[in-house]
1. Compute the normalised compactness of the chain: alpha-carbon radius of gyration over 2.2 N^0.38 Å, N being the residue count.
2. Using the Cα centre as the reference, give the magnitude of the dipole from point charges on the C-beta atoms of the range 83-220 (Lys, Arg: +1; Asp, Glu: -1; all else neutral), rounded to the nearest 20 debye.
3. Size of the range 115-181 along its principal axes in angstrom, Cα-based, largest extent first?
4. Please state the charge dipole magnitude for the range 118-171, taken about the Cα centre, from unit charges on C-beta atoms (+1 on K and R, -1 on D and E), reported in debye and rounded to the nearest 20.
5. In whole angstrom, how far apart do the alpha carbon centroids of the range 57-126 and the range 155-174 sit?
6. Arranged from highest to lowest average of other beta-carbon atoms within 10 Å per residue, in what order do the peptides 199-207, 40-48, 114-122, 139-147 appear?
7. Put one equal scatterer on each alpha carbon of the range 52-114, apply the Debye formula with no solvent term, and list log10 I(q)/I(0) at q = 0.12, 0.21 1/Å to two decimals.
8. Report, to two decimal places, the Cα Rg of the range 100-218 normalised by 2.2 N^0.38 Å (N = number of residues).
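Values in this text are rule-based calculations from the coordinates and carry no lab data. Small disclaimer: the values here were computed from a predicted structure and weren't measured. Here the Cβ positions follow ideal geometry from the backbone for every residue, glycine too, while neighbour counts run over all protein chains shown.
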Amino acid sequence: MANNSHPIINFYFDVISQYSFIGFESILQYEKRLPAKINFIPFFLGATIVETKNRPNIACPAKLPYMKQDIQIASRYWGLTMKWPNNFEERIFKLGSIKPQRFLTALKHENPSFLVPAAREFASRSWSFDLPIHKEENIREVCSKLEIPDSEKLIEFSKSDEIKKEYQRATEEAIESGAFGAPWIILKQHGKEDLKFWGSDRLPYICNELGVEFKGPLKG
């Protein structure tokens, strides 16, 4: 809950989502300018889509060429390097992101300073380098690259009932707040109604609500 001086931004994300990646990177560019604490929360996008009877973007054939173009435009705008993965449908519908998302949940619980770097690494593997993230060995690769301490204990913890329940709770919490896709963002300010935003392009609105001038990308 927000207090008198510090609004909170709850940012629900799933590294399998290209728009989560774009939204994640864009809000990080403004993190030091926003008078708010950003609370990054891993959640299960697939369950959210199913529970809310939404349809994944890929279910509409006309959206596929649009999304391929869209991430290129967004990449140039925000200074990212993104490309469409070769096995998009298999990655989304069969392989998924449950293991890395549960690992991020464990990391948030035990060593939160590594949450953002690890989330960025998983997302960039998917959306910049076309590398897998769904296997335990992929998690180890990320841990090795980032030199995350006690990584094996964290991987085992990510399989625990405690983390599974926390991951489920975060997903249910997002759905109860109105989420139907990712990223899902809630701005909490003391004495004001919560404001909810969906998508990677809502940052100008969030800045406006917080009295911060939006100046476009802050590359570098």
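1. Numbers: Rg = 16.8 Å, N = 220, 2.2 N^0.38 = 17.1 Å.
Here the answer is 0.98, to two decimals.
2. Numbers: 22 positive and 23 negative charges, 61 e Å.
Approximately 300 debye in magnitude.
3. Its Cα atoms span 36, 28, 19 Å along the three principal axes.
4. Details: 10 positive and 12 negative charges, 43 e Å.
Computed about the Cα centre, the dipole is about 200 debye.
5. If you average the Cα positions of each part, the centres end up 20 Å apart.
6. On the way: 199-207: 17.8, 40-48: 22.8, 114-122: 20.9, 139-147: 15.9.
Highest-to-lowest ranking by the protection proxy: 40-48, 114-122, 199-207, 139-147.
7. Log10 I(q)/I(0), no solvent term: -0.48, -1.01.
8. Values: Rg = 16.6 Å, N = 119, 2.2 N^0.38 = 13.5 Å.
Dividing the Cα radius of gyration by 2.2 N^0.38 Å gives 1.23.
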